Amino acid sequence: MLELCVYLKSVSDDGIRKWEERFQDAKMKVNIHPDFSFSNQFGFLPFKIHFDEPDISLLKDKDWISGFEMYIDDFNFEDIKKRRS
């Protein structure tokens, strides 16, 4: 399991299109649920990935499900230090 924490001053739904563009740059198509919004999403966000030109034959002609957990909250450095120790 990989845990990656990202702390931002603000987030907007404009980032969703940027995600899709970055996946396309990597020759992948991603289906993010059309109702997804940073303003109302908490918990697990699934999305479907299709590799257009995979180097690994196992990935060819298949759709893959992935996703991530997302929580939006106020940032407090002291709370983060306590959780990590």
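The values are calculated or read from the model by the stated rules, or taken from the named source; none is laboratory data. Remember, predicted model here, so these are calculated numbers, not experimental data. Note: ideal-geometry Cβ built from the backbone for every residue, glycine included; neighbour counts use all protein chains shown. Please note that ligands, DNA and RNA were not included when accessible areas were found on the heavy atoms of the full protein model with its side chains. Shrake-Rupley method; radii C 1.70, N 1.55, O 1.52, S 1.80 Å.
Mind checking the angle between helix 14-25 and the chain's longest principal axis? C-alpha axes, 0 to 90 degrees, to the nearest 10.
40 degrees
Just flag the GluC sites (Glu not before Pro) in the chain sitting in loop per DSSP whose Cβ has no more than 11 other Cβ atoms within 10 Å.
Loop-located and lightly packed - Glu3.
What accessible area per residue, rounded to a whole number of Å², is obtained for the chain using a probe radius of 1.4 Å? Spell out each step's value before the answer.
Details: 7470 Å² over 85 residues.
Per residue, the chain has 88 Å² of solvent-accessible surface.
Is it possible to state the helix-based mean residue ellipticity at 222 nm for the chain, with each DSSP H run of 4+ residues giving -39500 (n - 2.57), the sum divided by total residues, to the nearest 500 deg cm²/dmol? What is it?
Only helices count here, giving -7000 deg cm²/dmol.
Which trypsin sites (Lys or Arg not before Pro) does segment 25-85 hold that lie in a coil by DSSP with at most 13 other beta carbons within 10 Å?
Loop-located and lightly packed - Lys27, Lys60, Lys62.
Ordered by residue, what ³J(HN,Hα) values in Hz, to whole numbers, does segment 43-54 give under the Karplus form 6.51 cos²θ - 1.76 cosθ + 1.60, where θ = phi - 60° and Gly and Pro are x?
x, 7, 10, x, 8, 9, 10, 10, 8, 6, 9, x
Which is the longest part of the chain that has none of the chymotrypsin sites (Phe, Trp or Tyr not before Pro) sitting in a DSSP loop with at most 12 other Cβ atoms within 10 Å?
8-41
Subtracting the Cα-Cα distance from 0.36 nm times the residue separation, let me have the gained length for Lys9 to Gln24 in nm, one decimal.
2.7 nm
Near the amide H of Gly67, under 5 Å away, which other amide H atoms are found, from residues 5 or more places off or on another chain, if H is placed in the peptide plane?
Phe47
Local charge sum around Asp55 (other residues, Cβ-Cβ under 15 Å, Lys/Arg +1, Asp/Glu -1)?
With Lys, Arg at +1 and Asp, Glu at -1, the net is 0.
Could you work out the mean projected area of the convex hull around the alpha carbons of the chain, in square nanometres to one decimal?
Across all orientations, the chain yields a mean hull projection of 7.2 nm².
What's the tally of Lys pairs in the chain whose alpha-carbon atoms lie under 22 angstrom apart, where the two lysines are 8 or more places apart or on different chains?
14
Return a whole-number percent for the relative contact order of the chain, with Cα pairs under 8 Å and 6 or more residues apart as the contact set.
23 percent
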